[in-house]
């Protein structure tokens, strides 16, 4: 059973929004571009595991993809979580090639590809942090003490694994995709006692889905990028140029000479991705560079958003699933515009 479906991770949409508005000569631009490429590779690796995950007993296993949780001033992102009556198993997935070395003695992880060696965050330590977070989260909300464990899965078949150190327990928690199901079976043999009832499973599923929170402002904080460093304005859905100008109730792009009736909706989405899941008329005016409160109000209403409050106290908002759905919708619309006859 799928508790949360797999889709393009929301982090990818956020990184794309940052790059749209960050000057190309900004010192962080190449870093974010590299991180975005890495996220896409990771997503493709996660997709490749679906071939194996479909073999898990559908009625006994609940699968959650791309869960994000608030962790103080940070974000806890879990690639995949498997939940049964006996166990919650975190899958930390890495789509990397070359020689991957797990130095268990010094808690280091590095890649040697084409003779170039580069260090990365240790996925073992990362999975351990995620396990502690999930344990704490479930305990704080008074769920039964279901065991939480983890498995690091290397999804690229061309990767070569090497281990330094003598920590056998760590080595057993790392595998390639083709042996993932066998490793999961070992966990099932280890944890044989039913801790969660079917009612507990349903309740925990609702809780995990409801607690999923997009890491909007966290990425800007992590990169040390201030709001003032991002270019404001409505951007062109066809070529990403900004700012557009308003001409007779339409948005005009001087770069590709196209007109759009709803380009402001893409900019509303950028605000949700970058800052918060709610926005006021004034905040939108400042972000989109719209002078008239009445005009910005019409634009916000045209986006068919949820809203609360009246007059100056009104704000517009959406939840995490609406954000993911809208981000995918408008990404596909942009691709359709760019693939139209005019831009081939």
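Any read-out appearing in this document is the output of simple, stated calculations on the displayed coordinates, not a laboratory observation. Given the structure is predicted, the values throughout are model-derived calculations rather than measurements. Using ideal geometry, Cβ is built from the backbone for each residue, glycine included, and neighbour counts are taken over all protein chains shown.
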Taking 7 Å along the Cα-to-C-beta vector as the label spot, tell me the residue 34-residue 195 distance in nanometres, rounded to one decimal.
3.9 nm
Antiparallel bridges, percent of DSSP beta bridges restricted to the chain (to nearest 5):
65 percent
Rounded to the nearest 10, the angle in degrees between the Cα long axis of helix 320-338 and the longest principal axis of the Cα atoms of the chain comes to 60 degrees
For the chain, the percent of all C-alpha pairs falling in each 10 Å bin, from 0 up to the bin holding the max distance, is 5, 22, 29, 23, 15, 6, 1, 0
Over the chain, relative contact order from alpha-carbon pairs under 8 Å, at least 6 apart, %:
16 percent
For helix 180-190, what angle does its Cα long axis make with the longest principal axis of the chain, in degrees from 0 to 90 and rounded to 10?
60 degrees
What number, rounded to the nearest 500 deg cm²/dmol, is the helix-based mean residue ellipticity at 222 nm of the chain, given -39500 (n - 2.57) per DSSP H run of at least four residues and division by all its residues?
-12500 deg cm²/dmol
Region 232-343, Cα convex hull volume normalised per residue, Å³:
93 Å³
Value of Rg/Rh across region 131-246 [Cα atoms, Kirkwood radius]:
1.14
Restricting to Cα pairs below 8 Å that are 6+ residues apart, what does the relative contact order work out to for region 232-343? Please round to a whole percent.
23 percent
Any idea how far the Cα center of region 145-165 sits from the one of region 53-101, in Å?
12 Å
Once the Cα gyration tensor of region 246-304 is diagonalised, what are the square roots of 5 times its eigenvalues, in whole Å and ordered largest first, as equivalent ellipsoid semi-axes?
20, 13, 10
Given Cα pairs under 8 Å that are at least 6 residues apart, what percent is the relative contact order of region 73-199?
33 percent
Please determine, in degrees from 0 to 90 and to the nearest 10, the orientation of helix 293-302 with respect to the longest principal axis defined by the Cα atoms of the chain, where the helix direction is its Cα long axis.
50 degrees
Suppose R0 equals 41 Å. What FRET efficiency, 1/(1 + (r/R0)^6) with r the Cβ-Cβ distance, do residue 289 and residue 121 give to the nearest 0.05?
0.60
